[in-house]
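The values are calculated or read from the model by the stated rules, or taken from the named source; none is laboratory data. Only a predicted model underlies this, so the values are computations on that prediction, with no experimental measurement involved. Please note: Cβ atoms are built from the backbone with ideal geometry, for glycine as well, and neighbour counts cover all protein chains shown.
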Amino acid sequence: MDQEKVNILLVDDQPAKLLAYEVILKDLGENLVIASSGREALEVLLKTEIAVILVDVCMPELDGFELAAMIREHPRFQKTAMIFISAIQVSDIDRLRGYEMGAVDYVPVPVVPEVLRAKIKVFAELYRKTRELERLNHELEDRVRARTAELEASTAKLRESEQRRSMAIAAGKMGSWDWDWISGDWMWDEGQYNIFGVSPENFEVNPANVQALLHPDDVDQLRKAIAEFNKGTRAYETEFRILRPDGEVRWCVGTAAATTDESGRVVRVSGVTVDITERKRAEERQNLLAREVDHRAKNALALAQSIVRLTRADEVKAYVNAVEGRINALARVHTILSLSSWQGAELSRLIDEELAPYSLGDQIKLAGPEVQLLPATAQTLALALHELFTNSAKYGALSTRAGRLAIDWQVDEELLTLSWEESGGPLVKTPKSRGFGTRSLLASIESQLGGQAQFDWRAEGLLCRLEVPLTRKTAAAAPSKFDTAGAAELQRASG
């Protein structure tokens, strides 16, 4: 069954940016609502139920912070998810102010489409799941009230309730039971037997047998319920787990109501059991997804932030080209990792992606086995390869048709060794100082991955050798001569 669409409010005073957000979020299949100002957004909110608000921080009249404050003052929108988009560097104070206003996250410009879609999707699903849980909770409360009323109502109402209960039994998700408090006799309906995975033919309903089917950690819930009824409690509700005879664990929610005699003594307890296993599993999957998306988004944003902060150039155009090149390299490896569900990336695929913009034909030769890289290793190595290709295309073998480049790699005991050999290009001279690209490559390979990078500036062409651990264990244990020197080098580059 198709899930119900939710409304996502996009707030920005620039039509071009609104159009870009619509294009990015179109594939989510949700309803996109547009507002070109803070006041227009407030009007939309008063008329429409909104799941997520994507708002620009910098707007005339009402900026993003002021709009967030006004939204949070309204009781209906105190829990509505708001994501800020900022085209300027956001300070910790601004970020803290945003969170105080109710923002759940920040998205910097330029926007990474995959990251923005992932964030919006998570909060849209959380909104949809919250509404579904509220609906289920209302249904459960209604059923408890209906069940209690049925015990005191006429035969006609009891018959109507039985028809509704039969429909639930057919779905195998609900059962009812009755316990004679005086004689100790139990009565289970078909749905109750189905939930516990037993049958009337081979299972005798009594306290000992029922307790044997409860999860050991939840047995105290039964004892607590009995104690509460002995103290005069008339209704009780709790969640618990059962261990079916076949070993399967199921989550249930149980509600019970007591019937008393004229003296107030409990004479009978009746209840309803609802199997909520699928709901619990859905919640676990959703929580896992939210944590995973948050982790990956933070990693990608941290890399992008480092690229922007550390890139240096003599003029604006060169700076923009350098940043765009590195961000595009990060985006390409992100796409590769997404296609593998973030299980890893093939080294040859990373190299092919970096080669694609050049169309150099037979100038480049590749040789090496298939190597699967961990996500973190793939991201870092992709940026390192990007620096090598960029420098070669500007100054090295790839800057002329006569130039040649040979890339080969091999793996020995979980250590990847990659050789980069240029020839036939312009005469090479050993640089007097390392450029930013070389420094960042050294930092990423040696400091982040625990590997080593060696450069031989031969007259006939650059020879570079990279050694990269392929496992987390190896990477963590590998000695790194760059741990302190490399970090200082990058600090000088950024300064």
If we take the stretch 339-423, then strands (runs of 3 or more DSSP E) inside it with 1 or more residues that are at pLDDT 85 or above, closer than 22 Å to residue 447 by Cβ and touching a Leu at 6+ places or on another chain (Cβ under 6 Å) are 404-412, 415-423
How many residues does the stretch 195-225 hold that are in a loop (DSSP other than H, G, I, E, B) and more than 26 Å from residue 182 (Cα to Cα)? 2
Residue under evaluation residue 215, criteria (1) out of contact with any strand residue (DSSP E or B) (no Cβ under 7 Å at 6 or more places or on another chain); (2) farther than 25 Å from residue 148 by Cβ, criterion not met: (1)
Considering only the stretch 207-254, how many residues are basic (Lys, Arg) and at positive phi? 0
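Return the residues of the stretch 204-222 that are of a type in the set (D, E, K, R) and over 21 Å from residue 274 (Cβ atoms); say none if nothing qualifies.
Filtering the stretch 204-222 for residues of a type in the set (D, E, K, R) gives 204, 217-218, 220.
Within the stretch 204-222, just 204 meets the criteria.
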Take the conditions in a helix (DSSP H, G or I) and among the charged types (D, E, K, R) and apply them to residue 228. Does it pass? yes
Out of (1) buried (at least 18 other Cβ atoms within 10 Å of the Cβ); (2) modelled with pLDDT of 80 or more; (3) over 30 Å from residue 175 (Cα atoms), what's the single condition that is false for residue 117? (1)
The residue that is surrounded by the most Cβ atoms within 10 Å (Cβ to Cβ), considering only those in the stretch 12-51 that are of a type in the set (A, V, I, L, M) and within 18 Å of residue 112 (Cα to Cα), is 25
Scanning the stretch 231-254 residue by residue, the ones that are in a strand (DSSP E or B) and either at pLDDT below 85 or of a type outside the set (Val, Ile, Thr) (or both) total 11
